[in-house]
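The values are calculated or read from the model by the stated rules, or taken from the named source; none is laboratory data. From a predicted model like this one, the values you see are computed outputs, not experimental measurements. FYI the Cβ positions are ideal-geometry reconstructions off the backbone, even for glycines, and counts take in every protein chain you see.
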């Protein structure tokens, strides 16, 4: 099957539009197939920024990229204009350590993290490993770039660092090692019975900001994202001129920013700002703040010209 020149030209432009381009089903925030989600989870550990192309939204690109690459499946990853591979190849390269060089990323320092496992959790992990492990598999502890922790059974790769903790051997990816350092694993009662609880002292937490601190930031003209999470009608009623209303397009823009970007959320009294901030923290953002007391506190303590309602 031949590829028409118009579609080939569109694909050329997409590939040349970014050093790293992933043709996938869905997008980075919402992958629509397991293979695309797998490659996204790998790339997110290596890169803060890369381009994704949703083939489900464009049938010509979906079929055209298969011909263009001579590769029958999606996802497909291009790096510096060259086709690198699909899900299996990317996964294999990540496990062997080859993906660092391919992406032009320096490998992280190979540290052995300190992990604490409580006695009851250690016994439960040993039992789970004995019951579920297939030959050549080990317990793996991973902490993703957005601070999601997972325990699983998988084969050891050259990227894994063995860690002994209270008689349990855990394989920790070199990419997870710094994020996993100091983790404490315990066993707790849940509504579905006993489960593992992982406390990570490295995970970012929400920082509360006073209206006085906010004023100082604005006066200093410091570079940060100032986001209002109230409704459009509230925004029209009263607002701080420097704030941007959070709508769908603004949400998408923020989600694509570097994870270290400073973001300050404000609502009417505070709770909605907390919810928005926690959502972005769950995406891996590490410098997130909420204005204590919200716009009402700003009106009462800083600028009485902003209406209270």
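Here is a list: 229, 211. Which entry is closer than 18 Å to residue 254 by Cα, at pLDDT 90 or above, in contact with a helix residue (DSSP H, G or I) (Cβ under 8 Å, 6 or more places away or on another chain) and not assigned by TED's automatic domain parsing to the domain that holds residue 145?
229
Every residue in the range 59-73 that is part of a helix (DSSP H, G or I), without any contact (Cβ under 8 Å) to a residue 40 or more places away in the chain and in contact with a helix residue (DSSP H, G or I) (Cβ under 8 Å, 6 or more places away or on another chain), please.
62
Checking the structure you have, find out if any residue of the range 74-87 is outside the structural domain of residue 157 (by TED's automatic domain parsing), part of a helix (DSSP H, G or I) and modelled with pLDDT of 95 or more.
Looking for residues that are outside the structural domain of residue 157 (by TED's automatic domain parsing), part of a helix (DSSP H, G or I) and modelled with pLDDT of 95 or more, one finds at least one in the range 74-87, hence yes.
Every residue in the range 269-287 that is buried (at least 21 other Cβ atoms within 10 Å of the Cβ) and within 20 Å of residue 239 (Cα to Cα), please.
273, 276, 277
Hey, can you tell me all the residues within the range 15-58 that are more than 18 Å from residue 146 (Cα to Cα), touching a residue at least 40 places away in the same chain (Cβ under 8 Å) and not in a strand (DSSP E or B)?
Scanning the range 15-58 gives 15, 16, 19, 25, 33, 35.
Taking the range 144-163 as the search range and keeping residues that are in a strand (DSSP E or B) and touching a residue at least 40 places away in the same chain (Cβ under 8 Å), which one is surrounded by the most Cβ atoms within 10 Å (Cβ to Cβ)?
163
Only one residue in 284, 273 is outside any strand (DSSP E or B) and at positive phi. Which one?
284
Can you tell me which residue among 141, 217, 175, 187 is touching a residue at least 40 places away in the same chain (Cβ under 8 Å), outside the structural domain of residue 268 (by TED's automatic domain parsing), closer than 22 Å to residue 285 by Cβ and surrounded by 17 or more Cβ atoms within 10 Å (Cβ to Cβ)?
It is 175.
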